[in-house]
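The values are calculated or read from the model by the stated rules, or taken from the named source; none is laboratory data. Keep in mind that this is a model prediction, so the values were computed, not measured. Positions of Cβ are backbone-derived with ideal geometry, glycine not excepted, and every protein chain shown enters the neighbour counts.
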Amino acid sequence: MTTTTGFRRRALLGTTLGTTLAAGLGGLPLFAIRRAEAADHVLRFSNNVPATHPLNIRLREAAEAITAETQGKVELRVFPSNQLGADTDVLSQVRSGAVQMMTLSGLILSTLVPVAAINGVGFAFPDYPTVWKAMDGELGAHVRGEIAKAGLIAFDKIWDNGFRQITSASRPVTTPADLANFKIRVPVSPLWTSMFTAFGSAPTSINFAEVYSALQTRIVDGQENPLAVIETAKLYEVQKYCAMTNHMWDGFWLLANRRAFTSLPGPLRETVERILNAAALRQREDVAKLNQNLASQLSERGLVFNTPDPAPFRAKLAQAGFYGEWKGKFGPQAWGLLEAAVGGLA
């Protein structure tokens with residue numbers, strides 16, 4: 001699964017986190033945006049995660065704030081769960097202006113803006129402070145500049161999708177040697193395939209809807225995804241071990257159609273931008289708390305956790321030429337900004 005597309009959310013987010021956030025909003029309805037009687041500007045906003053995901057909870061909070069602060073002149077209509085179409089379809093709609101805004105993984109956006117995938121470089125980010133240093137700093141600014149060349153506006157604050165972890169059925173992954181000949185499911189992406197090939201694994205691209213059965217029947221031995229996906233898809237039922245590798249981090253860029261967004265009068269545009277960037281920061285905190293809770297919950301369900309040392313994994317990728325390959329693809333400027341935040345990779 002490339003992003004959290006395919007989330008089939010039950011109660012984890014809606015019951016605990018949703019209730020907490022609702023209390024914090026003074027009882028405002030989280031799943032029904034109050035629509036202005038006659039908004040001057042309507043912004044349709046699409047995303048690929050369920051209504052109970054922290055991203056949508058914070059978006060709906062932001063929609064209420066935008067309606068209030070603009071005195072009903074701007075209305076943000078949020079459409080979760082791919083209601084307006086799959087990511088690539090909605091990206092086309094945003095580019096044409098049929099949809100005005102969306103959140104999208106940089107790894108998917110890379111089909112249009114190749115450098116947008118740079119945040120997914122294997123074992124580049126050791127922790128969240130380093131992620132935000134890069135993505136809120138010069139690397140993020142560089143990516144936003146490239147996105148602008150495609151006729152889109154990317155907001156300053158990227159939203160969190162999470163670090164990805166490796167699960168397996170047969171043995172824990174503690175060193176790069178454990179990945180040799182390891183049959184692992186990966187999304188259809190050159191970056192994923194390249195990384196696991198460098199480890200000597202046998203990466204296999206499988207549609208996410210088929211991952212559970214592929215693991216159950218041992219077509220593959222393992223997979224990799226954020227903890228929230230591992231929990232939601234019940235992959236812990238067919239996996240025994242979870243290595244907290246943090247081997248990739250992914251986020252959601254908040255994208256807007258340039259013509260639609262710049263058509264807003266300056267003060268209204270500034271209000272929308274300020275409120276949505278603030279919502280992104282709160283969503284990051286929500287995801288961090290959620291991941292802490294998930295680890296303990298998954299442990300209770302029998303998943304055995306370990307935290308490998310990332311240094312040998314980085315060294316193996318460097319030796320195999322992985323970093324050199326992607327430095328060439330992303331270009332020296334973008335790669336230099338990545339290394340300025342995370343340290344030397346190649």
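To keep it simple, each residue is scored yes or no on (1) outside the structural domain of THR175 (by TED's automatic domain parsing); (2) of a type in the set (Gly, Ala, Ser); (3) part of a helix (DSSP H, G or I).
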site: ALA295; (1), (2), (3): yes, yes, yes
site: PRO308; (1), (2), (3): no, no, no
site: LYS316; (1), (2), (3): no, no, yes
site: GLU325; (1), (2), (3): no, no, yes
site: GLY328; (1), (2), (3): no, yes, yes
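Condition test on TRP249, is it in contact (Cβ under 8 Å) with a residue 12 or more places away in the chain, outside any helix (DSSP H, G or I), under 14 Å from the mean Cα position of the chain (by Cα) and more than 18 Å from LEU59 (Cα to Cα)? Yes: the conditions hold for TRP249.
Across the range 312-331, the number of residues qualifying as within 12 Å of THR175 (Cα to Cα) and under 24 Å from the mean Cα position of the chain (by Cα) comes to 2. Evaluated against (1) surrounded by 13 or more Cβ atoms within 10 Å (Cβ to Cβ); (2) without any contact (Cβ under 8 Å) to a residue 60 or more places away in the chain, LEU317 falls short on exactly one condition, (2).
Does LEU59 qualify as being outside any helix (DSSP H, G or I) and at pLDDT 90 or above? So LEU59 does not fit the description; no.
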